[in-house]
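Everything on this sheet refers to the single structure shown next.
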(Lines give C-alpha, C1' and ligand atoms only; values in the text may rest on other atoms or scores of the structure.)
Protein backbone atom coordinates (compact mmCIF):
# COMPACT_ATOMS: atom_id res chain seq x y z
CA UNK A 1 0.00 0.00 0.00
CA UNK A 2 1.38 3.40 -0.96
CA UNK A 3 0.13 6.46 0.95
CA UNK A 4 0.45 9.74 -0.93
CA UNK A 5 -0.61 13.34 -0.70
CA UNK A 6 -1.76 15.31 -3.71
CA UNK A 7 -1.56 19.09 -4.02
CA UNK A 8 -4.58 20.33 -5.99
CA UNK A 9 -2.88 23.64 -6.85
CA UNK A 10 0.46 22.34 -8.10
CA UNK A 11 -0.96 18.96 -9.20
CA UNK A 12 1.97 17.19 -7.63
CA UNK A 13 1.87 13.92 -5.74
CA UNK A 14 4.19 13.22 -2.84
CA UNK A 15 4.66 9.73 -1.48
CA UNK A 16 4.29 9.67 2.30
CA UNK A 17 4.80 6.02 3.18
CA UNK A 18 4.80 2.47 1.88
CA UNK A 19 3.07 -0.11 4.03
CA UNK A 20 3.84 -3.70 3.18
CA UNK A 21 0.77 -5.85 3.76
CA UNK A 22 -1.56 -2.85 4.09
CA UNK A 23 -5.20 -3.94 3.80
CA UNK A 24 -7.34 -0.99 4.84
CA UNK A 25 -6.91 2.52 6.22
CA UNK A 26 -8.62 5.61 7.52
CA UNK A 27 -7.52 9.17 8.29
CA UNK A 28 -7.94 10.66 11.76
CA UNK A 29 -10.61 13.40 11.64
CA UNK A 30 -8.29 15.87 13.40
CA UNK A 31 -5.63 15.36 10.71
CA UNK A 32 -3.08 13.95 13.16
CA UNK A 33 -2.37 10.89 11.07
CA UNK A 34 -3.62 7.74 9.42
CA UNK A 35 -4.41 4.30 10.78
CA UNK A 36 -3.57 1.30 8.59
CA UNK A 37 -4.53 -2.35 9.08
CA UNK A 38 -1.54 -4.51 8.10
CA UNK A 39 -0.71 -8.18 8.14
CA UNK A 40 -2.56 -11.40 7.54
CA UNK A 41 -5.66 -13.12 8.91
CA UNK A 42 -3.89 -14.45 12.01
CA UNK A 43 -1.49 -11.58 12.69
CA UNK A 44 -3.20 -8.26 11.99
CA UNK A 45 -1.67 -5.12 13.41
CA UNK A 46 -2.55 -1.44 13.38
CA UNK A 47 0.04 1.09 12.33
CA UNK A 48 -0.39 4.79 13.09
CA UNK A 49 1.35 7.00 10.54
CA UNK A 50 1.94 10.74 10.98
CA UNK A 51 0.99 13.25 8.26
CA UNK A 52 4.70 13.36 7.39
CA UNK A 53 4.68 9.59 6.71
CA UNK A 54 6.53 8.44 9.83
CA UNK A 55 5.36 5.45 11.86
CA UNK A 56 4.19 6.75 15.25
CA UNK A 57 3.17 3.39 16.69
CA UNK A 58 2.25 -0.15 15.76
CA UNK A 59 0.31 -2.64 17.85
CA UNK A 60 -1.93 -5.70 17.74
CA UNK A 61 -5.57 -5.65 18.75
CA UNK A 62 -5.50 -7.64 21.98
CA UNK A 63 -7.42 -10.90 21.64
CA UNK A 64 -8.63 -10.32 18.08
CA UNK A 65 -7.51 -11.14 14.54
CA UNK A 66 -8.84 -11.08 10.97
CA UNK A 67 -9.42 -7.32 11.01
CA UNK A 68 -11.10 -6.18 7.80
CA UNK A 69 -12.50 -2.67 8.20
CA UNK A 70 -11.30 0.37 10.12
CA UNK A 71 -12.81 3.78 10.85
CA UNK A 72 -11.23 6.31 13.18
CA UNK A 73 -13.40 7.65 15.98
CA UNK A 74 -14.57 11.26 15.80
CA UNK A 75 -12.28 12.25 18.70
CA UNK A 76 -9.25 10.50 17.09
CA UNK A 77 -8.74 8.47 20.29
CA UNK A 78 -9.69 5.07 18.90
CA UNK A 79 -11.08 3.02 16.06
CA UNK A 80 -14.12 1.06 15.04
CA UNK A 81 -12.91 -2.23 13.61
CA UNK A 82 -14.53 -5.33 12.19
CA UNK A 83 -13.10 -8.74 13.04
CA UNK A 84 -13.95 -11.86 11.07
CA UNK A 85 -12.08 -14.18 13.42
CA UNK A 86 -15.08 -16.52 13.72
CA UNK A 87 -16.61 -18.19 10.65
CA UNK A 88 -19.70 -16.33 9.43
CA UNK A 89 -19.57 -13.81 12.27
CA UNK A 90 -18.76 -10.11 11.96
CA UNK A 91 -17.70 -8.61 15.29
CA UNK A 92 -17.69 -4.84 15.61
CA UNK A 93 -15.06 -3.59 18.06
CA UNK A 94 -14.05 -0.28 19.57
CA UNK A 95 -10.27 -0.27 19.99
CA UNK A 96 -8.27 2.38 21.85
CA UNK A 97 -4.79 3.61 20.84
CA UNK A 98 -3.17 0.86 22.96
CA UNK A 99 -4.95 -2.08 21.29
CA UNK A 100 -7.55 -2.68 24.03
CA UNK A 101 -10.76 -3.89 22.39
CA UNK A 102 -14.39 -3.78 23.48
CA UNK A 103 -17.11 -5.70 21.61
CA UNK A 104 -19.93 -3.41 20.48
CA UNK A 105 -21.99 -5.73 18.28
CA UNK A 106 -21.92 -9.12 16.58
CA UNK A 107 -23.66 -10.15 13.39
CA UNK A 108 -24.05 -13.91 13.15
CA UNK A 109 -24.68 -15.56 9.79
CA UNK A 110 -22.45 -13.29 7.74
CA UNK A 111 -18.85 -12.10 7.95
CA UNK A 112 -19.75 -8.64 6.58
CA UNK A 113 -20.55 -5.78 8.91
CA UNK A 114 -18.97 -2.46 9.82
CA UNK A 115 -19.65 0.92 11.41
CA UNK A 116 -18.99 4.54 10.55
CA UNK A 117 -19.07 7.21 13.28
CA UNK A 118 -20.83 10.54 12.81
CA UNK A 119 -18.54 13.59 12.70
CA UNK A 120 -19.71 14.72 16.14
CA UNK A 121 -19.07 11.28 17.66
CA UNK A 122 -22.63 10.93 19.00
CA UNK A 123 -23.86 8.32 16.55
CA UNK A 124 -22.61 5.18 14.90
CA UNK A 125 -24.06 3.99 11.61
CA UNK A 126 -23.87 0.19 11.56
CA UNK A 127 -24.39 -1.93 8.50
CA UNK A 128 -24.43 -5.65 8.08
CA UNK A 129 -25.53 -8.19 5.54
CA UNK A 130 -27.25 -11.47 6.11
CA UNK A 131 -28.07 -14.30 3.80
CA UNK A 132 -31.20 -16.37 3.58
CA UNK A 133 -31.91 -19.30 1.35
CA UNK A 134 -35.38 -20.32 0.25
CA UNK A 135 -36.63 -23.20 -1.87
CA UNK A 136 -39.72 -22.78 -4.02
CA UNK A 137 -41.78 -25.39 -5.78
CA UNK A 138 -43.83 -24.10 -8.67
CA UNK A 139 -46.61 -26.12 -10.25
CA UNK A 140 -48.78 -25.45 -13.30
CA UNK A 141 -46.86 -22.39 -14.46
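The values are calculated or read from the model by the stated rules, or taken from the named source; none is laboratory data. Computed from a predicted structure; not experimentally measured. Note: ideal-geometry Cβ built from the backbone for every residue, glycine included; neighbour counts use all protein chains shown.
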Name the residue that is nearest to residue 36 (Cα to Cα), counting only residues in region 117-126 that are part of a strand (DSSP E or B) and in contact (Cβ under 8 Å) with a residue 24 or more places away in the chain. 117
Does residue 74 qualify as being at pLDDT 90 or above and closer than 26 Å to residue 43 by Cβ? no
I'd like to check something: does region 109-116 contain any residue that is closer than 27 Å to residue 3 by Cα, outside any strand (DSSP E or B) and either at pLDDT below 95 or over 13 Å from the mean Cα position of the chain (by Cα) (or both)? yes
Tell me whether region 50-73 contains one or more residues that are surrounded by 19 or more Cβ atoms within 10 Å (Cβ to Cβ) and more than 14 Å from the chain's Cα centre (by Cα). no
How many residues are surrounded by 10 or more Cβ atoms within 10 Å (Cβ to Cβ) and assigned to a loop (DSSP other than H, G, I, E, B) when one looks only at region 127-137? 2
Based on what the data block shows, is residue 52 at pLDDT below 90, over 15 Å from residue 25 (Cβ atoms), out of contact with any helix residue (DSSP H, G or I) (no Cβ under 6 Å at 6 or more places or on another chain) and not in a strand (DSSP E or B)? no
Across region 1-28, which residue is farthest from residue 74 (Cα to Cα) among those that are out of contact with any strand residue (DSSP E or B) (no Cβ under 7 Å at 6 or more places or on another chain) and assigned to a strand (DSSP E or B)? 12
Any idea which residue in region 26-49 is farthest from residue 115 (Cα to Cα), counting only those that are buried (at least 21 other Cβ atoms within 10 Å of the Cβ) and over 14 Å from the mean Cα position of the chain (by Cα)? 49
Looking at this structure, is residue 124 over 20 Å from residue 46 (Cα atoms), in contact with a strand residue (DSSP E or B) (Cβ under 6 Å, 6 or more places away or on another chain) and modelled with pLDDT of 90 or more? yes
Every residue in region 64-99 that is within 23 Å of residue 19 (Cα to Cα) and not in a strand (DSSP E or B), please. 64, 65, 66, 73, 76, 77, 97, 98, 99
Do you know which residues across region 127-141 are touching a strand residue (DSSP E or B) at 6+ places or on another chain (Cβ under 8 Å) and more than 22 Å from residue 72 (Cβ to Cβ)? 129, 130, 131
Run residue 102 past the list (1) at pLDDT 90 or above; (2) over 11 Å from the mean Cα position of the chain (by Cα); (3) surrounded by 14 or more Cβ atoms within 10 Å (Cβ to Cβ); (4) over 22 Å from residue 5 (Cα atoms) and report the number of the one that doesn't hold. (3)
